[in-house]
1. Hey, can you tell me all the residues within segment 191-231 that are in a strand (DSSP E or B) and among the β-branched types (Val, Ile, Thr)?
2. Kindly indicate the residue of segment 32-42 that is surrounded by 20 or more Cβ atoms within 10 Å (Cβ to Cβ) and not hydrophobic (A, V, I, L, M, F, W, C) and also nearest to residue 5 (Cα to Cα) among those meeting that condition.
3. So which residues in segment 1-37 are of a type in the set (Asp, Glu), outside any loop (DSSP other than H, G, I, E, B) and at pLDDT 85 or above?
4. Does residue 132 qualify as being surrounded by 11 or more Cβ atoms within 10 Å (Cβ to Cβ), part of a strand (DSSP E or B) and of a type in the set (Gly, Ala, Ser)?
5. Residue by residue through segment 171-190, note down the ones that are modelled with pLDDT of 95 or more and under 25 Å from residue 112 (Cα atoms).
6. Of all residues in segment 183-231, which are loosely packed, with under 15 Cβ neighbours inside 10 Å and among the β-branched types (Val, Ile, Thr)?
7. Keeping to segment 212-222, report how many residues are more than 17 Å from residue 30 (Cβ to Cβ) and in contact (Cβ under 8 Å) with a residue 24 or more places away in the chain.
8. All but one of (1) over 30 Å from residue 25 (Cβ atoms); (2) assigned to a strand (DSSP E or B); (3) of a type outside the set (Asp, Glu) hold for residue 126, so report the exception by its number.
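The values are calculated or read from the model by the stated rules, or taken from the named source; none is laboratory data. These numbers come from a predicted model, not from an experiment. Quick reminder, even Gly has a Cβ in these numbers, built from the backbone with ideal geometry, and neighbours come from all protein chains shown.
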Amino acid sequence: MKNYAVILASGSGERSGLNIPKQFAMINEKTVLELTLDVFSSHKNIDEIILVTNPDYFELTNEIISKNNYYKLEKIIKGGATRQQSSYAGISAIEDTNANVLIHDAARPFVTHEIISKCINALKEYKAVNVAIESSDTIIEVTYDNIINNVPDRKYLRRCQTPQCFDIKLIKKAHELAIKENTDNITDDCGLILRYNLADVYVVQGSTDNIKITYPMDMEIAKLILKKESR
């Protein structure tokens with residue numbers, strides 16, 4: 001069974017405080033996108049990569065790709081207006097009906113080979129897999145007017161990361177059900193599996209370094225992580 005990676009790089013990065021989407025920001029000598037592609041391209045069990053990019057930066061994406069030898073990168077396609085639409089565009093580009101797909105945020109450049117391997121191994125038993133880490137903070141649930149409604153037990157809470165990984169038939173079915181329901185605001189692929197009760201979602205351990213670059217401070221944290229990894 002082949003393992004496909006769908007890298008989502010179609011966000012606008014409005015919260016990053018940058019003048020360019022965060023996936024194109026430079027960390028030392030490489031863009032965030034390149035750092036992410038480097039990890040998946042070099043993993044021995046990733047067979048093909050599909051890159052979903054921001055339509056407004058399609059040419060820039062191609063320029064970046066042309067400078068690198070990403071021989072596993074099979075397709076570069078344009079994303080949609082929402083993450084859900086971009087994710088569906090990515091998985092729809094996979095014609096293989098007997099495959100696994102790992103959907104990953106391009107803005108998480110510090111995913112590791114170990115995490116990817118854990119996901120692929122878990123897919124031998126489960127059809128849906130998420131990556132998550134424990135929460136060091138107490139999480140509260142509030143009402144619409146910001147009154148605490150519930151304080152869940154922290155030992156049952158996790159902070160989700162990517163990749164999120166699936167049997168290709170399963171995740172396509174989930175997206176097709178969402179389209180029929182005219183739902184396009186789900187920001188989490190595992191959330192679609194749970195919404196339609198299609199399968200159990202198994203959780204593998206992530207890493208505190210597997211951050212999603214979102215805010216200006218995250219770029220500084222990313223530089224520190226990269227410096228630590230290069231030692």
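1. 203, 204
2. Restricting to residues being surrounded by 20 or more Cβ atoms within 10 Å (Cβ to Cβ) and not hydrophobic (A, V, I, L, M, F, W, C), the top hit is 36.
3. Across segment 1-37, the qualifying residue is only 34.
4. Yes.
5. 171, 189, 190
6. 183, 187, 208, 221, listed by residue number.
7. Residues that pass the stated criteria total 4.
8. (2)
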